[in-house]
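Contents: one structure, followed by commentary.
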Amino acid sequence: MPEAKLMQGNEACTLGAIAAGLNFYAGYPITPSTEIAEMCSEELPKIGGRFIQMEDEIGSAAAIIGASLTGRKSMTATSGPGFSLMQELIGYASMTEVPIVIVNVQRVGPSTGMPTSLAQGDVMQARWGSHGDHPVVVLAPGNVGECYELTIKAFNISEELRVPVILLSDEVIGHMREKVILPEAGSIKISKRKEPDSPSSYVPYRADPDGGVPLMAPFGKGYRWHVTGLSHDETGFPTNKGEVAGALIKRLMRKVEKAEPLIRDYATESVEDCDILVVAFGSSAMSATSAVRQARAKGIKAGLFRPKTIWPFPEEPLKEIISRTKRVIVPEMNTGQIVYEVERIAAGKATVEKLSKVNCELFFPEEILEAITGGQK
Amino acid sequence: MSENLNYFRQNRLPHIWCPGCGHGTVTGALTRALAKLGIDKNNVVVVSGIGCSSRAPGYLDFDTLHTAHGRALAFATGIKLSKPSLKVIVLTGDGDCTAIGGNHFIHAARRNIDITTIVMNNSIYGMTSGQYSPMTPTGMLGTTAPYGNVERPFDFVKLAIASGATFVGRSTTYHVQLLGDLIEKALLHKGFSVVESIGGCPTYYGRKNKIGGAVEMFEWQKDNAVNIKAAAAMPKEKLDGKFLIGEFHNEEAPEFTSQYIELIEKVQRKFDDFKGGVRECAQNSD
């Protein structure tokens, strides 16, 4: 029988990573993510894995991409300033299709901000932080148990689609302790990238132009292939042909778009008959859940939609719920980021209200309840 | 033709380098050294950053990784630590290695990780058409130093030794024999080995500074390089304006990945009752 354990979000994230097959971690200390590095430094040698503290976050991102090319499952964890430094290489991993997982335990920004305080200001950066069109997948855990589950999911998506996956945690989720019942090792679904059978006739980036995922050979096994961040053709070598570069961008973007219905993840509560829908993710969703329950206790038809896949956003299910709703409230710990995605999806079918908070402390459920009860009927 | 051709992706040739560029000379010296040592090409990974020199891996028949500007050594660190049995070679330039990649360079040297780094120093950013680099001598011209470079350049050999590199050599693309010998020794060295190759960029550095073409630049290398052994017996004034080439540093020191593997064995012995998996998680050994 799996037993209940008390643990922190960052700890659950590390254990999830190890359960998913993590065996290479490179990182640089930064609050509030450091526990993940500390725990990896202790646990990975026990299983023959590797831990290295790099000279900065750019080096950390580079090292995990290098490790992944040898066939290892690799991860780094960071927060705001470090996440900013990693952006170029997130694009590199997208372009070269090297699976990596990056945990961003969000803190208050911009710049150094407040390292030990809560914010959710990296939503747009997680999607578009690197230059150029590029695919990424972003997952947001809403409690400690989900840090475990979604880190496993992050590895699986990364391996299956050969994309960088970002686990967008936050200071409260990362540092909060909760009771968690971890699943038994055998019951966890683990994915691994598809490898070619033999070096003969291996064409590294040959794939269905409609979002196909090419086979990935590990370095050191006789494939002798070339990896470059330059626009490349299916052989992996650089091209100056605009139409070839364009087809690559389209395939890369389509890869994630096509997989969206499969990787889509969200939770709902009381949405069957709701007039007022609250859309919240991460730590804000904890307060939102409480607010919705309090509203229901008052007889108000409130419901909750909590995306766990943030990018790509679970558009279809949200659109369906919004079509039956009058008002949508979007509480988030920033001046408004995910609300614009919700507005786009609502497309005028319901009024969308922004509920921003940037004073570094978690929403009180009452603040969201007030928005639910105080608005137009 | 010699057996080093076997190490080239001949279907990727001709290369993009300008006539008279030294990068082909260095790439040739590297492949001859690999051929001489009989190194299995399935066991080699060549990593580069961005710039003219960093295009070399595309022409070489190994697993090759053309990374982001300055980051080659950090990628290479991930590869080497993952799979220490691989021979990992980094090809880089003066700007790539000592400007944007300076931090990774000093830390790779400090760790003494078993990677061979070959720096093709042509004193200029060639790919972006002739800006001054951290290794452009003071007073020389670049497109971003139109009145002469006021900055002081690195002495790369000193930088490498001070940072902890355990094998350090310097040659020029004129002294091809020495270059090959140094690369061979670097490849055999267990630890962080560095070979700086001073070469000409006739297209930008030569033209901008009115040094002349490829031939004049090779002659400059011939006339101004003094072997470190010969220099030891020369009066100081005779060395004015000259630079030294040869083997500068060669020491044995604990190598990073071996030390880490030892640490793993030590930790695993300590947890010898460890039944595969951390706190009931599945074992992910390689």
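The values are calculated or read from the model by the stated rules, or taken from the named source; none is laboratory data. Only a predicted model underlies this, so the values are computations on that prediction, with no experimental measurement involved. Please note: Cβ atoms are built from the backbone with ideal geometry, for glycine as well, and neighbour counts cover all protein chains shown.
Quick notes on this one:
- Counted residues, region A:96-123 - those being part of a strand (DSSP E or B) and more than 11 Å from every other protein chain (Cβ to nearest Cβ): 8
- Odd one out for B:Ala162 among (1) free of Cβ contacts under 8 Å to residues at least 24 places away in the same chain; (2) part of a loop (DSSP other than H, G, I, E, B): (2)
So that you can scan it fast, the table gives a plain yes or no per residue for (1) assigned to a strand (DSSP E or B); (2) farther than 24 Å from A:Leu44 by Cβ:
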| position | (1), (2) |
| --- | --- |
| B:Ala68 | no, yes |
| B:Ile79 | no, no |
| B:Ile89 | yes, yes |
| B:Thr92 | yes, yes |
| B:Cys97 | no, yes |
| B:Ile106 | no, yes |
| B:Ile113 | no, no |
| B:Met120 | yes, yes |
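- Residues in region B:8-34 that are part of a helix (DSSP H, G or I), of a type outside the set (A, V, I, L, M, F, W, C) and touching a Ser or Thr at 6+ places or on another chain (Cβ under 8 Å) were compared, and the one that is surrounded by the fewest Cβ atoms within 10 Å (Cβ to Cβ) is B:Arg32.
- Criterion violated by B:Val150 - all others in (1) of a type in the set (A, V, I, L, M); (2) in contact with a helix residue (DSSP H, G or I) (Cβ under 8 Å, 6 or more places away or on another chain); (3) in a loop (DSSP other than H, G, I, E, B) satisfied: (2)
- Residue within region A:106-126 that is among the small types (Gly, Ala, Ser) and closer than 30 Å to A:Thr239 by Cβ present: yes
- Selection status of A:Leu150, over 20 Å from the mean Cα position of the chain (by Cα), assigned to a helix (DSSP H, G or I), of a type in the set (A, V, I, L, M) and within 30 Å of A:Glu195 (Cβ to Cβ): no
- Number of the condition not met by B:Leu37 [criteria: (1) surrounded by fewer than 24 Cβ atoms within 10 Å (Cβ to Cβ); (2) within 13 Å of chain A (Cβ to nearest Cβ); (3) aliphatic (A, V, I, L, M)]: (2)
- Listed by first and then second residue, the pairs linking a residue in region B:259-286 that is more than 7 Å from every other protein chain (Cβ to nearest Cβ) and farther than 30 Å from B:Asn112 by Cα to a residue that is at pLDDT below 60 and surrounded by fewer than 13 Cβ atoms within 10 Å (Cβ to Cβ), with Cβ atoms under 9 Å apart and 6 or more places separating them unless they lie on different chains, are B:Gly276/B:Ser285.
Residues checked against (1) among the hydrophobic types (A, V, I, L, M, F, W, C); (2) more than 25 Å from A:Ala20 (Cα to Cα); (3) in the same structural domain as A:Cys13 (by TED's automatic domain parsing):
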| residue | (1), (2), (3) |
| --- | --- |
| A:Gly91 | no, no, yes |
| A:Thr96 | no, no, yes |
| A:Ile100 | yes, no, yes |
| A:Asn104 | no, no, yes |
| A:Ser111 | no, yes, yes |
| A:Val137 | yes, no, yes |
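- Residues located in region B:29-50, provided they are of a type outside the set (A, V, I, L, M, F, W, C) and without any contact (Cβ under 8 Å) to a residue 60 or more places away in the chain: B:Thr31, B:Gly38, B:Asp40, B:Lys41, B:Asn42, B:Asn43, B:Ser48, B:Gly49
- Unmet criterion (only one of (1) in contact with a strand residue (DSSP E or B) (Cβ under 8 Å, 6 or more places away or on another chain); (2) within 22 Å of A:Gly229 (Cα to Cα)) for A:Ser130: (1)
- All positions within region A:66-95 that are crowded, with 24+ Cβ neighbours inside 10 Å and at the interface with chain B (Cβ under 9 Å from one of its Cβ atoms): A:Gly66, A:Ala67, A:Ser68, A:Leu69, A:Arg72, A:Lys73, A:Ser74, A:Leu89, A:Tyr92
- Every condition in (1) without any contact (Cβ under 8 Å) to a residue 24 or more places away in the chain; (2) touching a strand residue (DSSP E or B) at 6+ places or on another chain (Cβ under 6 Å) holds for A:Phe363 except the one numbered (1).
- Selection of first residues in region B:126-151 that are at pLDDT 95 or above and of second residues that are assigned to a loop (DSSP other than H, G, I, E, B) and among the basic types (Lys, Arg), restricted to Cβ pairs under 8 Å at least 6 apart or on distinct chains, gives the following pairs, ordered by first then second residue: B:Thr138/B:Arg152.
So that you can scan it fast, the table gives a plain yes or no per residue for (1) of a type in the set (D, E, K, R); (2) surrounded by 21 or more Cβ atoms within 10 Å (Cβ to Cβ); (3) over 27 Å from A:Ala4 (Cα atoms):
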{"site": "A:Thr151", "(1), (2), (3)": "no, yes, no"}
{"site": "A:Ile181", "(1), (2), (3)": "no, no, no"}
{"site": "A:Lys192", "(1), (2), (3)": "yes, no, yes"}
{"site": "A:Pro218", "(1), (2), (3)": "no, no, yes"}
{"site": "A:His226", "(1), (2), (3)": "no, yes, yes"}
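- Tally of residues being of a type in the set (Phe, Trp, Tyr), in contact (Cβ under 8 Å) with a residue 24 or more places away in the chain and out of contact with any helix residue (DSSP H, G or I) (no Cβ under 6 Å at 6 or more places or on another chain) across region A:219-240: 1
- Residue list for region A:331-370, restricted to those being of a type in the set (Gly, Ala, Ser) and farther than 14 Å from A:Ser284 by Cα: A:Ala346, A:Ala347, A:Gly348, A:Ala350
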